1. Suppose we keep only residues that are over 20 Å from H101 (Cα atoms) and in contact with a Ser or Thr (Cβ under 8 Å, 6 or more places away or on another chain) within segment 52-78. Which one would you say is surrounded by the fewest Cβ atoms within 10 Å (Cβ to Cβ)?
2. Search segment 235-251 for residues that are in the same structural domain as G200 (by TED's automatic domain parsing) and pair each with any residue that is acidic (D, E) and surrounded by 19 or more Cβ atoms within 10 Å (Cβ to Cβ) when their beta-carbon atoms are under 6 Å apart and the residues are at least 6 apart or on different chains.
3. Please find, within segment 86-101, the residue that is least open to solvent (accessible area, probe 1.4 Å) out of those that are within 16 Å of G8 (Cα to Cα) and charged (D, E, K, R).
4. Tally time: how many residues in segment 308-338 are basic (K, R), closer than 30 Å to L24 by Cα and open to solvent by 30 Å² or more (accessible area, probe 1.4 Å)?
5. Residue pairs, Cβ under 8 Å, 6 or more apart or interchain, first in segment 166-192 and more than 22 Å from K205 (Cα to Cα), second away from the ligand (no atom under 15 Å from the Cβ). List them.
6. Under 8 Å between Cβ atoms, at least 6 apart or on separate chains: pull out the pairs that start in segment 49-75 with a residue that is at positive phi and end on any residue that is open to solvent by 30 Å² or more (accessible area, probe 1.4 Å) and assigned to a loop (DSSP other than H, G, I, E, B).
7. Quick check, is L79 under 19 Å from the mean Cα position of the chain (by Cα) and within 13 Å of the ligand (Cβ to nearest atom)?
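The values are calculated or read from the model by the stated rules, or taken from the named source; none is laboratory data. This one's a predicted model, so the numbers in the text were calculated from it and none came from an experiment. For neighbour counting, all protein chains shown are included, and Cβ atoms are generated from backbone atoms with ideal geometry for every residue, glycine included. In case anyone asks, the SASA skips ligands and DNA or RNA and just uses the protein heavy atoms, side chains included. Shrake-Rupley method; radii C 1.70, N 1.55, O 1.52, S 1.80 Å.
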Amino acid sequence: MQPRIPVGVLGATGMVGQSFVKFLEHHPWFELAWVGASDRSAGKKYQEATAWRLGGVMPAAAAGLMVRESTPGNGAPRLMFSAMDASVATEIERAFASAGHVIVSNSRNHRMESDVPLLVPEINASHLKLIPRQQRERGWTGQIVTNPNCSTVVLTMGLAPLKPYGIQRVVATTMQAISGAGYPGVASMDINANVIPYIGGEEEKMQTEAQKILGDLAGDRIEFLPAKVSASCNRVPVVDGHLIAVSVELARKASIEEVRDAFRSFRSVPQERELPSAPVRPLVYMNEQDRPQPRRDAERDNGMAVYIGRLRECPVFDYKFMACGHNTIRGAAGAAVLNAELMYSEGLLD
Ligand code: NAP
């Protein structure tokens, strides 16, 4: 058996950082060897610095690790996942990339920069070809790769099989889980038996990130998908799993059977390469009238598949459907780990 690749997690004490620690626990290729956080936590053991908020117990291998300061050096491995607070991620991630680290980030800070891949391995593996330009122009030996916002990944996975039909316009209305707001998140008095029709910055992120992810590589740039995307984002009293109602207009006529087949047959690079965290079927089409549902479906397939259902004709656009995915797994830690697996399979971690 090959030795596993040591990896670090920046922001390891936070909510998303804990998801990384949990997701990496039994990973066949990567071994958690280093955890970093703010200087409030540095110098303490991970179990002392971290209030564990996830189900199950803290992985034993992480509990005894010493939390390090978030500066390059400090014994940090080359491959680093990042789940840092957005207020500090820009400078710290750049410092690590400049010092030769591969940063696979879940933070929003670098997602829309033109030389940074905003990666969903099933959709745009070719966008990794931005890396040589990023390294050349910034003078880095390391690199930064990002994954999308948690609702954008669910939306774009649902749209990807329809790209050959020419996506023209999209209207997406989200019902987003409270875990997406981190801890302590939304006050219980606000979210219990209620819906909050506002999530700061979320609609803009969904609209622009989707165009980049579904865009095409042209030389060393991304040509954004020239589709209009309109998002309305709502927080609902669900713990985990974002559900999105999507309406889509297509340039080329497609029958409802063709669209359903496109969802059902969708497979891509992670499935061909059998990457360890890749779901066997990235999209699962559900025939039941009342599915997908966050509580019943988001955690299936280790939280890595996106569930699609209720495909029907739309009287305004062409088709409408529901998409559901796990926001802290496929929308955060699991997405970043799958990105790193893709990079490893491309020889980018050698
Ligand atoms: P969080 O629970 O507040 O955790 C923030 C982490 O950043 C902690 O580990 C914290 O360390 C660390 N940190 C804070 N200040 C620092 C500094 N000056 N230097 C180094 N590390 C510092 O936040 P979160 O909910 O996990 O979110 C983390 C990131 O992921 C954010 O950028 C967020 O936008 C993004 N995100 C979150 C979700 C979600 O579902 N929550 C989904 C997608 C993306 P200490 O414990 O030492 O303070």
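1. L54
2. Close Cβ pairs (under 6 Å, with a partner that is acidic (D, E) and surrounded by 19 or more Cβ atoms within 10 Å (Cβ to Cβ)) amount to E249/D318; L250/D318.
3. In the first step, residues of segment 86-101 are kept if they are within 16 Å of G8 (Cα to Cα); the result is 89, 92-97, 99-101.
When the remaining residues are screened for being charged (D, E, K, R), the result is 93-94.
Values: E93: 1, R94: 76 Å².
This residue is E93.
4. First, the residues of segment 308-338 that are basic (K, R): 310, 312, 320, 330.
Going one step further and asking which of them are closer than 30 Å to L24 by Cα, we end up with 330.
Cutting the leftovers down to open to solvent by 30 Å² or more (accessible area, probe 1.4 Å) gives us none.
The total comes to 0.
5. As it stands, the answer is D190/I196; I191/P237; N192/P237, since those pairs meet every condition given.
6. Hits for this filter: G73/A99.
7. no
Let's see how each residue does on (1) closer than 30 Å to E209 by Cα; (2) aromatic (F, W, Y); (3) in a loop (DSSP other than H, G, I, E, B); (4) within 13 Å of the ligand (Cβ to nearest atom):
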{"position": "D39", "(1), (2), (3), (4)": "no, no, yes, yes"}
{"position": "R53", "(1), (2), (3), (4)": "yes, no, yes, yes"}
{"position": "M58", "(1), (2), (3), (4)": "no, no, yes, no"}
{"position": "N74", "(1), (2), (3), (4)": "no, no, yes, yes"}
{"position": "S87", "(1), (2), (3), (4)": "yes, no, no, yes"}
{"position": "R94", "(1), (2), (3), (4)": "yes, no, no, no"}
{"position": "V104", "(1), (2), (3), (4)": "yes, no, no, yes"}
{"position": "H110", "(1), (2), (3), (4)": "yes, no, yes, yes"}
{"position": "E113", "(1), (2), (3), (4)": "yes, no, yes, no"}
